[in-house]
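Enquirer: Handing you a structure now.
The values are calculated or read from the model by the stated rules, or taken from the named source; none is laboratory data. For clarity, every value in this text was computed on a predicted model and none was experimentally measured. Using ideal geometry, Cβ is built from the backbone for each residue, glycine included, and neighbour counts are taken over all protein chains shown.
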Amino acid sequence: MKNQKNIAVLGAGAWGTALSIVMHKAEHKVTLFPRRIEQTEEIQRTRENKKYLQGVSISPEIQVNSEFETLKNADIVLWVIPTQHSGEIAQKLNSYLPAHAPIVICSKGIDAHSEIIDERSLLTAVIGRELSNPLAVLSGPNFAIEIAQGLPAAATLAASSSELAFSLADILKNPFYRIYASDDPIGVQVAGAVKNVIAIASGIVLGKNLGNNANAALITRGLAEMRRLGLALGGKLETFLGLAAVGDLTLTCSSRQSRNMSLGAALGTGEKLRDILEHTHTVAEGVYTAEAVHKLSTLKSISMPICEAVYKILYHNENVDDVIKSLLARKTTWEDS
């Protein structure tokens, strides 16, 4: 048996549940922490997360608990709390988490709550202000259901310390889940956040029946926007050629399994954002991230026309067809600019 760890998975949405399953298959001792007591009780009783990952069995060996007190035994914490609640939860956990336990951030997005959106709105900064634990970021082209089913996949684990990144990647991998180490947590976070905004745009292309050519162009130019912002914030170029950027963007813009692409598709068919959000129990993080990226790109004077178009549709109720025409009518530029 390899180096077995006590792993706490905070957050029991689809991704948190899938990660608890994959960590159990990697022969670790796993405790899954739902945010709501009623969800905890249901999973304990049925050994299934019916709301977020229906049809997938959760082993009885995976503990399900809502008592923060038990976090004191954690060797590693997987942070799968929705981005917009992460600051609040981090404050509550200050007296429970052992300071030596690395926190691996598995959520994607930019905190949109503060008045000024800047580098301090990335989750490593938001959580780092409240907790002194070593921080890392896990991101990649991973649909929760496929990970839970044991289908092969890969991801990137990034930390400022190369030693920490390699150590965690080695501990958390298993035969069907390949993890690559990176020393660029900024770039990985920017990629994971921006891809959700681009996925909404990709969904709009799908909903409007604009074709595969348009979607391929959108993904490619979306990657250029992602790279511009990432480099401006201190990310590394190679990150935007790898799993956390090209890989995750391609996956998220290629399937309705993506919550963000599905939301965009509904917008493309004429549904209103308010109605879409009222009829879903999952979080399309790209809605929040679109506003944060708008503020961040404005602050940094970075051109991000696709992300800006999504922001105008979501927050200014601009007509989808008019926004598309405006994008296509932009002045000719060099392709890599």
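Enquirer: Within region 135-158, how many residues turn out to be farther than 16 Å from Thr239 by Cα and assigned to a loop (DSSP other than H, G, I, E, B)?
Expert: Total meeting the criteria: 6.
Enquirer: Continuing with the same structure: Applying the selection to region 27-51, what residues are under 21 Å from Pro152 (Cα atoms) and either among the charged types (D, E, K, R) or modelled with pLDDT under 95 (or both)?
Expert: Answer for region 27-51, where residues must be under 21 Å from Pro152 (Cα atoms) and either among the charged types (D, E, K, R) or modelled with pLDDT under 95 (or both): just Glu27.
Enquirer: How many residues does region 73-103 hold that are of a type outside the set (Lys, Arg) and in a helix (DSSP H, G or I)?
Expert: First pass over region 73-103, keeping only residues of a type outside the set (Lys, Arg): 73-91, 93-103.
So of that shortlist, the ones also in a helix (DSSP H, G or I) come out as 73, 83-91, 93.
Final tally of qualifying residues: 11.
Enquirer: Would you please name the residue that is surrounded by the fewest Cβ atoms within 10 Å (Cβ to Cβ), looking only at residues in region 159-200 that are in contact with a strand residue (DSSP E or B) (Cβ under 8 Å, 6 or more places away or on another chain) and part of a strand (DSSP E or B)?
Expert: Arg178
Enquirer: Still on this structure, please answer the following. Name the residues in region 268-321 that are hydroxyl-bearing (Ser, Thr, Tyr) and in a helix (DSSP H, G or I), would you?
Expert: Residues satisfying the conditions are Tyr288, Thr289, Ser297, Thr298, Tyr311, Tyr315.
Enquirer: Among the candidates Thr70, Thr17, which residue alone is surrounded by fewer than 19 Cβ atoms within 10 Å (Cβ to Cβ), assigned to a helix (DSSP H, G or I) and in the same structural domain as Ala159 (by TED's automatic domain parsing)?
Expert: Result of the check over Thr70, Thr17: Thr70.
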